[in-house]
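What follows draws every value from the coordinates through simple rules; no lab data is involved. No experiment lies behind these values; they were computed from the predicted model shown. Quick reminder, even Gly has a Cβ in these numbers, built from the backbone with ideal geometry, and neighbours come from all protein chains shown.
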Amino acid sequence: MDKFIPLSVPNLKGNELKYVTDAINTEWVSTSGAYIDEFESEFADYLKVESAVSCQSGTAGLHLALILSGVAADHEVIVPTLTFIATVNPVKYLYAYPVFMDCDDSLCMDMAKLKLFCQTECTFINNKLINNSSGRHIKAVVVVHVFGNMADMSALMDIAEKYNLKVIEDATEALGTYYLEGSYKGKYAGTIGNIGVYSFNGNKIITTGGGGMMVSSDTSIMKRAKYLSTQAKDDAVNFLHNEVGYNYRMTNLQAALGVAQLEQLEHFISVKKENYRIYKSSINNKISGLKVMDFREDVRPNYWFYSLYILNLDKYDRKKIIDCLANDNIQTRPLWGLIHEQKPYLNNQTYMINKAYDYYNRIVNIPCSSNLSAENVKKVLIKICSIS
C-alpha cells in the first residue's frame, strides 16, 4: 500500500526541538516561563495588536471571550451552523442560547441573512436587540473565518454597531489571513471584532500540540482575560481569589513550540498557497463535475483547508470520493455535521438555512499540510482523476 497521505498534520522542521529543550533544561515546563511571554508578545506583533493572552485551547478562549462580552444565562448568541461544534458549545457552558445562521458562498456566516434577521425577527429597544420569538436579549455574534477564508467583517461590524452586539471572531482556522482592500485593509482575521480567538491544535497552520490565543484592541479586556484564565488570583502570596476563575493557562513547553512555529508561519502559507494553486488549476481545468473552491478575492488567505466542491452530484458522490481516496491511503474528510442538527441543539432556533445543506452535501476537504510534497499532491490528483 502507498504511504499514508494525511489531511493536515504539523510541520515541525524549525526551532521546535531547540526551544522545547531549552524550556526543559531551565525546568520551566508548566504554566509560567519566558516562552509564554515571548509567544504572546511576538503573536501580538505579528497581528499588529497591543497584546495577546495565551490559553489552554481555542475552546477555552471562546468561553472566556463570551464571558468578557457579558454573555450570561438566558442571553442569546448568534452563531453559524456550518462550523466545528467547539464554536457553539461555550454558549451552552454559560446557559445561554445559540441562534443558528446560514453560510454564504465563502462558507462563512451570511451577513445579508443576519441583517434581515435583526430587522424582521427582532426588536431593538433600550439599546438591546430582543428576539421576538423568545423575548430574550441577543448579546453577541460569534463569526467563524472558515478554512482560512474571511467573513464579511465590514457588513458584520455595521450590524453590530447598529444593534449593540458584541463580536467574537473565531479565527481558529485563519491565523495569517487579512484584508487586501476595503475599510479593513491590512487587518488580520481576529483583530476587527471585540475579541479574536485562535487555536493551535495539531491540525492548525501552526501548532503547540494544543493551546490557543486571545486578542483584542481593548487592553483592559486582555488584562481581565489573563486574570480569569489564571484562576482569578488576586493575591499570589496568600492565594486570595475574589472571583471564580479558570485553569485555562498555556504551558511554557507549548509556548516554546509556538514561538518556533510562528517563525515559520509565512513560509507555511506560501507552501500551502502553491499547493492550492496546483490543485485548483489541475482540477478546475481538467475534471468535469468537480472544482476547488475559491477564497475571497479581497483577502490574503492562509489557505488552511482546500475544499473540493462537487458540481455534478449525478456523477460524483461525496462518500465515494472519500472512500476511494482512503483505499489509496489518502485521508480526506467531509464538512462538519451542521450544528443545528446535532442532538444537543435540535431545539434551538434557526434562520433561513439552505446553503449550508448544499455545501455539506458537496464538499470534501483534501490533503493540505504545509509539508505536503509536490509528489504527494500529484498522487492525490491522479487518484481524484481516476474516480468515476
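Structural remarks
- Cross-link pairs Lys48/Lys115; Lys3/Lys315; Lys92/Lys166 - those with Cα-Cα distance over 25 Å: Lys48/Lys115; Lys3/Lys315
- Within region 16-263, percent of DSSP bridges classed antiparallel, to nearest 5: 50
- For the peptides 192-201, 109-118, the ranking by mean Cβ contacts within 10 Å, running from highest to lowest, is 192-201, 109-118.
- Footprinting exposure proxy for Trp304, Trp28, Trp336 (fewest neighbouring C-beta atoms within 10 Å first): Trp336, Trp28, Trp304
- Arranged from fewest to most other beta-carbon atoms within 10 Å of their beta carbon, Glu16, Glu375 become Glu375, Glu16.
- Cut-off under 5 Å, modelled amide H: who pairs with Leu290 long-range: Leu311
- Computed 3J(HN,Hα) for region 257-267, one whole-Hz value per residue from the Karplus formula 6.51 cos²θ - 1.76 cosθ + 1.60 where θ = phi - 60°, is 4, x, 4, 5, 5, 4, 4, 9, 4, 5, 5, glycine and proline marked x.
- Long pairs among Lys355/Lys378; Lys319/Lys343; Lys319/Lys383; Lys291/Lys320, criterion Cα-Cα beyond 24 Å: Lys355/Lys378
- Close amide H pairs (under 5 Å, H built 1.01 Å from N) link Met101 with Val79, Thr81, residues at least 5 positions away or on another chain.
- Across region 329-388, the volume of the C-alpha convex hull divided among the residues equals 137 Å³ per residue.
- Peptide ranges 246-253, 257-264 listed from the most packed, as the mean C-beta count within 10 angstrom indicates: 257-264, 246-253
- Residue-averaged 222 nm ellipticity for the chain, from DSSP H runs of 4+ at -39500 (n - 2.57), nearest 500: -11000 deg cm²/dmol
- ³J(HN,Hα) computed for each position of region 145-162 - Karplus, 6.51 cos²θ - 1.76 cosθ + 1.60, integer Hz, glycine/proline x: 8, 6, 6, x, 6, 9, 5, 6, 6, 4, 5, 5, 5, 5, 5, 4, 5, 5
- Given +1 at the Cβ of Lys and Arg, -1 at the Cβ of Asp and Glu and no other charges, the dipole of the chain around its Cα centre is 960 debye to the nearest 20.
- Cβ-based exposure ranking for Thr350, Thr31, in which fewest neighbours within 10 Å come first: Thr350, Thr31
- Residue by residue, region 206-220 carries 3J(HN,Hα) couplings of 10, 9, 10, x, x, x, x, 8, 10, 9, 7, 6, 9, 5, 5 Hz when phi is fed to the Karplus relation 6.51 cos²θ - 1.76 cosθ + 1.60 (θ = phi - 60°); x denotes Gly or Pro.
- Put simply, region 265-386 fits an ellipsoid with semi-axes of 26, 19, 14 Å; these come from the alpha carbon gyration tensor as the roots of five times its eigenvalues, largest first.
- For the pair region 139-209 and region 15-29, the centres of their Cα atoms are 32 angstrom apart.
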